[in-house]
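Undergrad: Mind looking over this structure? Questions follow.
The values are calculated or read from the model by the stated rules, or taken from the named source; none is laboratory data. Computed from a predicted structure; not experimentally measured. All Cβ positions, even for glycine, are placed from backbone atoms using ideal geometry, and neighbour counts span all protein chains on display. With ligands, DNA and RNA removed, areas are computed over all heavy atoms of the protein, side chains included. Shrake-Rupley method; radii C 1.70, N 1.55, O 1.52, S 1.80 Å.
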Amino acid sequence: MSAISYEVFIIAAEQFLKISQKLNDGWQLLQLQDKSKTYLKKESFKVCEETDDSTLLKFEYVIYYNHSYGVPSFSFNVWNSTGALLTLENIRQMSFISISEKDIYSVVTQQEHPIFFRPYFMVHPCHTEELLLVFKNKSKNIIVTFLGLIIPLIKLDLPVEYGL
């Protein structure tokens with residue numbers, strides 16, 4: 001049993017996009033020739049002030065449907081101002097929540113993206129189904145609910161208007 005079907009994911013993604021457009025939040029709904037590879041994408045730049053020197057970082061966030069697990073999946077990459085991809089350790093240190101070096105690997109890993117076929121950091125989908133099933137009939141938008149569960153980990157700003 002999956003938490004949501006692909007069709008429900010697409011409906012939620014379209015609703016999410018409408019809110020993003022109203023807020024001018026920068027999300028895009030993109031589709032490859034293979035329609036089963038439809039995804040939401042956002043790119044943003046942020047100044048990282050966790051270190052002694054402020055560094056400009058480029059964030060790319062992608063939400064896609066994981067057909068194996070039947071849930072939305074979240075992937076991202078972060079580059080510094082020289083264009084170098086940040087490491088998982090850099091990501092862990094930037095997280096809003098305190099997570100040990102050992103535990104980060106049970107939540108996020110870097111692997112080949114199933115749509116883009118290049119390395120991305122991926123939030124593990126293995127527990128997403130059981131979390132989303134709790135909210136299945138209570139959520140206005142399962143993507144907003146999903147993001148609400150993971151944003152403390154990944155430096156994603158999600159305006160409260162998405163949940164209204």
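Undergrad: Please verify whether Phe76 is under 20 Å from Thr128 (Cβ atoms), open to solvent by less than 20 Å² (accessible area, probe 1.4 Å), of a type outside the set (Val, Ile, Thr) and part of a strand (DSSP E or B), treating the condition exactly as stated. I'd like the intermediate steps shown before the answer.
TA: Values: under 20 Å from Thr128 (Cβ atoms): yes; open to solvent by less than 20 Å² (accessible area, probe 1.4 Å): yes; of a type outside the set (Val, Ile, Thr): yes; part of a strand (DSSP E or B): yes.
Judged against the criteria, Phe76 is a match.
Undergrad: Moving on. When the stretch 98-125 is examined, which residues are found to be modelled with pLDDT under 75 and loosely packed, with under 11 Cβ neighbours inside 10 Å? Show your work before the answer.
TA: So in the stretch 98-125, the residues modelled with pLDDT under 75 come out as 98-107.
Selection gives Ser98, Ser100, Glu101, Lys102.
Undergrad: Would you confirm whether any residue within the stretch 47-64 is out of contact with any His (no Cβ under 8 Å at 6 or more places or on another chain), at pLDDT 80 or above, over 25 Å from Pro114 (Cβ atoms) and hydrophobic (A, V, I, L, M, F, W, C)? Don't jump to the end; show me each part of the working.
TA: Keep residues of the stretch 47-64 that are out of contact with any His (no Cβ under 8 Å at 6 or more places or on another chain), which gives 47-61, 63-64.
Narrowing further to those that are at pLDDT 80 or above: 47, 55-61, 63-64.
When the remaining residues are screened for being over 25 Å from Pro114 (Cβ atoms), the result is 47, 55-56.
Narrowing the set further to residues that are hydrophobic (A, V, I, L, M, F, W, C) leaves 47, 56.
Within the stretch 47-64, one or more residues are out of contact with any His (no Cβ under 8 Å at 6 or more places or on another chain), at pLDDT 80 or above, over 25 Å from Pro114 (Cβ atoms) and hydrophobic (A, V, I, L, M, F, W, C).
Undergrad: Among what's in the stretch 128-164 and is outside any loop (DSSP other than H, G, I, E, B) and surrounded by fewer than 13 Cβ atoms within 10 Å (Cβ to Cβ), pick the residue that is modelled with the lowest pLDDT. So that I can check it myself, show each step before the final result.
TA: Residues of the stretch 128-164 that are outside any loop (DSSP other than H, G, I, E, B), as a first pass: 128-135, 142-154, 160-163.
From what's left, surrounded by fewer than 13 Cβ atoms within 10 Å (Cβ to Cβ): 130, 134, 152, 160-161.
On the way: Glu130: 75, Val134: 76, Pro152: 71, Val160: 89, Glu161: 91.
Looking at residues that are outside any loop (DSSP other than H, G, I, E, B) and surrounded by fewer than 13 Cβ atoms within 10 Å (Cβ to Cβ), I get Pro152.
Undergrad: Moving on to the next point. Do you know which residues across the stretch 1-37 are farther than 15 Å from Pro72 by Cα, of a type in the set (D, E, K, R) and either open to solvent by 80 Å² or more (accessible area, probe 1.4 Å) or in contact (Cβ under 8 Å) with a residue 60 or more places away in the chain (or both)?
TA: Lys18, Lys22, Asp25, Lys35, listed by residue number.
Undergrad: Looking at the stretch 79-89, which of the residues that are outside any loop (DSSP other than H, G, I, E, B) and touching a strand residue (DSSP E or B) at 6+ places or on another chain (Cβ under 9 Å) is nearest to Glu129 (Cα to Cα)? Write out each step before concluding.
TA: As a first pass, look at the stretch 79-89 and keep what is outside any loop (DSSP other than H, G, I, E, B): 79, 85, 88-89.
If we keep only those that are touching a strand residue (DSSP E or B) at 6+ places or on another chain (Cβ under 9 Å) as well, we get 79, 85, 88.
Numbers: Trp79: 30, Leu85: 29, Leu88: 24 Å.
Only one residue tops the list, namely Leu88.
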